[in-house]
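Accompanying notes for the structure given below.
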Amino acid sequence: MSVPSPRMETRLIHAGEPEPRIRDAVVTPIFQSSTYLFTKESEYHDIHYLRLNNSPNHEVLHAKIAALENSEAGLVASSGMAIITTALLTVLKTGDHLLAQKGLYGGTHDFIVKDLPALGIEYTFVSIEEESRWKEHLRPNTKVFYCESITNPLMEVGDLGGVAKFAKEHGLVSMIDNTFATPINFRPLEHGFDLVLHSATKYLNGHSDIVAGAGAGRAELIERIRQKLNHFGGTLDPHACFLLHRGLKTLAVRVRYQNESALRIAEFLESRPQVARVNYPGLQSSASYPHAKKLFEGFGGMLSFELKGGADAAKKFMEKVRIPLVAPSLGGVETLVILPAKTSHSALDVNEREELGIREGLIRVSVGLEAVEDLIADFDTALSP
Ligand code: PLP
C-alpha cells in the first residue's frame, strides 16, 4: 500500500498492509502454512514455500521494514545473528577481507574471529574514532566495512556518516547494525550506508517474546541476501512474524518514551556522588554526544554506568534494585539490568575486557516502559549505603 503521509508513525501502522485487507480483517492473519498451491512460478526462489521467506506474513514485514528504514527493500530472518551472518556471507567470499569496528556485539565478534577465517576470509578491527588510520588497514581484497550505530555496553557513537563515505570512496559495502538506535532515532541508509541490520528481537519487536532479525537496503542486495537465507534456512516462523508485526506498530511510541526515560535516568545517575561514570550518548559529557547530536533524532533507551565502589558496589546495586529484572537482552517493555563482564562479554578474558573498557563493575541498563519516577526512586534506594 502506498502511504499518503511520510511520517514514521503512519508508516508503522499502514506501510505494507495488504490491500484489500484479507477477508476484511484489520489485522493481517497468521498464515500457518508451510506450502502454497503451485502457480507455475518459473524461479525456485519465487515458489511459495515457507522457507523461501515469501509468505504473506513475510511480505507485509518486508514492506514495513523497508518503509521504516527508507529503503527499496526489507527482509526478516529467524534471528539477528541469522541476518548478520547471512548478509556477511552474501557479500564476502574466500580470499576477501573485512574491516570491522572494534567492540562489536559478542556474537558478531565471535563469528568474525572464529568462523570467517575458517572460510578463508580475513578481517581487521579498527577504532571508529581513528578515521585517519582506516586507510592504512585497507587491502586490495577489502570488501566490507561493518559497524554498529551504538556500541554495547559503552554506548559509543562514532562518525557514522564518515564510515559510509569512506566505504563509498573505496568501493566497499557498508553495513551497520542499527539494533540499539532503531530507525526511530537513526536511519543509516539516509546517511549513505548500503545495508542496515537489526536484531529485531530487541526494540523492533519490543516485548521480549521472540528472536528475529531484519535487514534493509537496495532491492538487488536484499534479494541476494534473501536467496542465501533461503539456502541457509533462517526463516522466521509465521507466528513470530505476527508478533514482530504487532510489536512494530508501537515502535515509535515505545522508543520515544524510552529515549526520554533513559536521558532522565542518565542525568540522575550522573548527579549522584556514588557514580563514577555514566555512558549515554545523550549526555553532553559523553565523547559520543557531538556525533549522536548530529546524526540521531533521539539517544536511545540503553545506558551503562560504573560505581565508585567498583565490582562490590555493583553487586550490591544489582541485589538491591527492585523494579528492573536481572536478565540479558534489551529493548523490551521491562527494564533489564546486567553486568556485561558476567554475561554478554564473559567469553573475553579480563585483559581483553579491560582493553575494551569493560570493567567488572560496569552495569548496563535497558530502560523499559515503567514510570521513570519509579525507576529513579528505585535506583536511588539501590545506590544508598
Ligand atoms: N546485534 C546486537 C547489537 C545485539 O545486541 C544482538 C543480541 O543481543 C544481536 C545483534 C544478535 O541478535 P539475536 O540474539 O536476535 O540473534
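Can you go through Val3, Val60 and tell me which one is at pLDDT below 95 and within 26 Å of the chain's Cα centre (by Cα)?
Details: Val60 fails: at pLDDT below 95.
Among Val3, Val60, only Val3 is at pLDDT below 95 and within 26 Å of the chain's Cα centre (by Cα).
Name the residues in the stretch 348-375 that are closer than 25 Å to His207 by Cα, outside any loop (DSSP other than H, G, I, E, B) and open to solvent by 30 Å² or more (accessible area, probe 1.4 Å), would you? Hits for the stretch 348-375 are Glu373, Asp374. Among the conditions (1) open to solvent by 10 Å² or more (accessible area, probe 1.4 Å); (2) in contact (Cβ under 8 Å) with a residue 12 or more places away in the chain; (3) of a type outside the set (Lys, Arg); (4) more than 30 Å from Ala266 (Cα to Cα), Tyr105 misses just one, which is (4).
Here are Arg246, Arg224: which of them is of a type in the set (D, E, K, R) and over 29 Å from Glu43 (Cβ atoms)?
On the way: Arg224 fails: over 29 Å from Glu43 (Cβ atoms).
Matching residue, one of Arg246, Arg224: Arg246.
Of the residues making up the stretch 49-84, those that are among the charged types (D, E, K, R) and in contact (Cβ under 8 Å) with a residue 60 or more places away in the chain are Arg51, Lys64, Glu69, Glu72. So which residues in the stretch 312-332 are more than 13 Å from the ligand (Cβ to nearest atom) and crowded, with 16+ Cβ neighbours inside 10 Å? Ala313, Ala314, Lys315, Phe317, Met318, Val321, Ile323, Pro324, listed by residue number. Of everything in the stretch 152-181, what is surrounded by 24 or more Cβ atoms within 10 Å (Cβ to Cβ) and among the polar types (S, T, N, Q)? Give them in sequence order. Correct list: Ser174, Asn178, Thr179.
Conditions (1) more than 27 Å from Asp159 (Cα to Cα); (2) within 16 Å of the ligand (Cβ to nearest atom); (3) part of a strand (DSSP E or B), marked per residue:
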residue: Arg224; (1), (2), (3): yes, no, no
residue: Arg246; (1), (2), (3): yes, no, no
residue: Val255; (1), (2), (3): no, yes, no
residue: Gln258; (1), (2), (3): no, yes, no
residue: Leu269; (1), (2), (3): no, no, no
residue: Pro281; (1), (2), (3): no, yes, no
residue: Ser285; (1), (2), (3): no, no, no
residue: Lys294; (1), (2), (3): no, no, no
residue: Glu297; (1), (2), (3): no, no, no
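Considering only the stretch 41-57, state which residues are open to solvent by less than 10 Å² (accessible area, probe 1.4 Å) and either part of a helix (DSSP H, G or I) or modelled with pLDDT under 95 (or both). Write out each step before concluding.
Filtering the stretch 41-57 for residues open to solvent by less than 10 Å² (accessible area, probe 1.4 Å) gives 52-53, 55, 57.
Answer for the stretch 41-57, where residues must be open to solvent by less than 10 Å² (accessible area, probe 1.4 Å) and either part of a helix (DSSP H, G or I) or modelled with pLDDT under 95 (or both): Leu52, Asn57.
Among the candidates His207, His239, His231, His198, the residue that is open to solvent by 40 Å² or more (accessible area, probe 1.4 Å) and not in a helix (DSSP H, G or I) is uniquely His207.
The residues listed here are Leu154, Leu195, Leu172; of these, the one that is aliphatic (A, V, I, L, M), more than 10 Å from the ligand (Cβ to nearest atom), out of contact with any Pro (no Cβ under 7 Å at 6 or more places or on another chain) and closer than 16 Å to Gly301 by Cα is Leu154. Has the stretch 264-278 got any residue that is touching a residue at least 40 places away in the same chain (Cβ under 8 Å), open to solvent by 80 Å² or more (accessible area, probe 1.4 Å) and not small (Gly, Ala, Ser)? Yes, the stretch 264-278 contains at least one residue that is touching a residue at least 40 places away in the same chain (Cβ under 8 Å), open to solvent by 80 Å² or more (accessible area, probe 1.4 Å) and not small (Gly, Ala, Ser).
Okay, residues lined up against (1) in contact with a helix residue (DSSP H, G or I) (Cβ under 8 Å, 6 or more places away or on another chain); (2) of a type in the set (Phe, Trp, Tyr); (3) open to solvent by less than 30 Å² (accessible area, probe 1.4 Å):
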residue	(1), (2), (3)
Thr10	no, no, no
Gln32	yes, no, no
Thr35	yes, no, no
Ser71	yes, no, yes
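Taken over the stretch 79-102, the residue count meeting the criterion of being in a loop (DSSP other than H, G, I, E, B), within 13 Å of the ligand (Cβ to nearest atom) and open to solvent by less than 10 Å² (accessible area, probe 1.4 Å) is 0.
The values are calculated or read from the model by the stated rules, or taken from the named source; none is laboratory data. Note that this is a predicted model, so its numbers are computed, not measured. Cβ atoms come from the backbone with ideal geometry, glycine included; neighbour counts cover every protein chain shown. Just the protein is used for accessible areas: all its heavy atoms, side chains included, with ligands, DNA and RNA removed. Shrake-Rupley method; radii C 1.70, N 1.55, O 1.52, S 1.80 Å.
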